[in-house]
Ligand code: ZN
C-alpha cells in the first residue's frame, strides 16, 4: 500500500473517532466515488471498516482510541488486508463445455450458490447467463470446437452488481433451466445449462430480455437521458463548453486486443482520463465521461449521456486492428450513412457490434446494427463534427503518426448518432501493429495525444488559435520514454 493511501486513511482516522454515527456516514458518503478511485480497494475497504468501527465505538459508552492507536491499527489492518481476499464476491472457478450429439452442456463452477438465470437473444443468436457480480478466476477457459451449438463465449461485468456469460450460437437452441449441483469431491457448486438444437422460429418465440431486466435497462436509459442536477445549464451560465468523452467498450466487451496484450478497453479508459485532465487543466471546459471504470455501457446510452449533458462535443475513443499488421496510425471518424470506403464501413460495423458482444437486446427500432439514416437537421451537426475532426488531425499528426491514407474518414457509427451533438470517434492507432501497440502503452505518448486533442477542443470553441505547425512541432512525441 502506498504512503498516500495510509495518509488519507490516517487523516480520516483522526476525525472518525470524534464523530458520531451521522458524521461517520457523512465521511463514507462524502468520500464517494472520487475518493475511492484515488485509493486502492484495500484502502477503501479499510477506510469503511475504520469508519464503521469508529461509529460502533462512538455509540458505546466508555471505549475510545487515541489518534496514534487509530493510525497504528489502520496500518496493521491494511497490511493484513493486503494478504486477505480482496472481496467477498462469489468466485467463478471454472467453466466447461461438453459437446454431445443431441445437446451442448455448459457447466459453470462457483464458490457459492448464486442466483443464475438464462435467456436468449436473437439477431445474432446468443444465450445470456445472467448472475450477480462475481470474481472471475478462469485459467485458460475451454474453447468450443465450433462444431457444436456454441461458437464462442465471453464473460465479464455487464453493469455494477451484474456479471454475465454471453454464449454465441452456431444454431438456434432451447436453453434448459439452470440446474445447481451442490459441492462434492472437492468441486464447488456447479451450474449446468443444456442447449438443445431447435428451429429458428421456436428460438425467436422465446428470445428477448425478461420483463424485469427490460424494465431495468429502460430505466437505466431514462436515467442516462435525464440531465443530472448540476447539469449543462449551470455549465452554460458559467459559459463553459461541455465535452463528453466516451471511452469505448468496457466490462464484458474488451474491444480489440493488442499484440502486446494491451486491451482496447483499458487503453481508451486511461486515455479518456488523461484527456479529461488536460481539458480541465485549461479550465475552459466542463468534462464528463460516459464511463470511468471497467464497465460496459450500451451504445445508445452513451449517446443519451452526451445529450443529457447538452454536450457541445462528444469524443469517442477507440483503437483499431487490421489483418494487415503493417497498417498503422491514428484516424478520426465522423458520422455518415455510407462510409468513406469499404474499410471504414467495416470498421463501423465492428464497433457497432459492441452491444451484441455485451448481450444487449437489439430488438426494436434502435438496433445498433440497423442502417443509420441521417436527416437534414443533422447536417449542421455533421459540419461542426468535421471541422473538429480536421482541427484535431492537424494537431494529432504533429503529436503522433496518423493513418497514411485519408486519416479523416466517415462511417455509420451508432455511437455518433446524436442529432444535435457534434461527435467524432478517434481510433488512436492499430493494436495489431507492433509499433503502434508499443507506443500506445507509453504514458508520454498518451499525454501527447491527450494534449493534442485538448488543443483542438479549445480551438473548436475559439479559445485557442488554429495550430501553428512551427510551434506545435516541439510537442511531437519522439518515442523516447
Ligand atoms: Zn473500439
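No lab work stands behind these numbers, since they all come straight from the coordinates. Given the structure is predicted, the values throughout are model-derived calculations rather than measurements. Every residue, glycine among them, receives a Cβ derived from its backbone with ideal geometry; neighbour counts consider all protein chains shown.
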| Once a ≥ b ≥ c are taken as the square roots of the eigenvalues of the Cα gyration tensor of segment 106-164, is the result rounded (a/c under 1.5), prolate (a/b larger than b/c) or oblate (a/b not larger than b/c)? | oblate
| task | Apply 1/(1 + (r/R0)^6) to the Cβ-Cβ distance of residue 387 and residue 216, taking R0 = 51 Å, and write down the FRET efficiency to the nearest 0.05. | result | 0.85
| Cα-projected label distance for residue 115 with residue 461, points at 7 Å along beta-carbon direction, nm | 4.3 nm
| request: Rank the residues 355, 406, 361 as a footprinting-exposure proxy: fewest other Cβ atoms within 10 Å of their Cβ go first. | output: 406, 361, 355
| field | Ranked list, fewest to most other Cβ atoms within 10 Å of each Cβ, for 206, 259 | value | 206, 259
| message | Over segment 117-184, what is the relative contact order in percent, taking alpha-carbon pairs closer than 8 angstrom and at least six residues apart? | response | 36 percent
| said: Please arrange 93, 440 by how many other C-beta atoms lie within 10 Å of their C-beta, fewest to most. | reply: 93, 440
| field | Computed lengthening from residue 406 to residue 281, 0.36 nm per intervening residue step minus Cα-Cα distance | value | 41.9 nm
| Two-site FRET efficiency, residue 223 against residue 293, from Cβ-Cβ distance with R₀ of 25 Å, rounded to 0.05 | 0.90
| note | Heads up, segment 86-229 by the C-alpha gyration tensor (a ≥ b ≥ c square roots of eigenvalues; a/c under 1.5 rounded, else a/b over b/c prolate, else oblate) looks oblate
| Efficiency of FRET between residue 434 and residue 196 - r from beta-carbon atoms, R0 60 angstrom, step 0.05 | 0.85
| Stretch gain in nm, segment residue 378-residue 420, where the contour uses 0.36 nm per residue and the Cα spacing is subtracted | 14.4 nm
| query | How much length, in nm to one decimal, is gained on full extension between residue 441 and residue 88, taken as 0.36 nm per residue of separation minus their Cα-Cα distance? | reply | 123.9 nm
| task | State, to one decimal in nm, how far the label point of residue 204 lies from the label point of residue 260, with both points 7 Å from Cα in the Cβ direction. | result | 4.8 nm
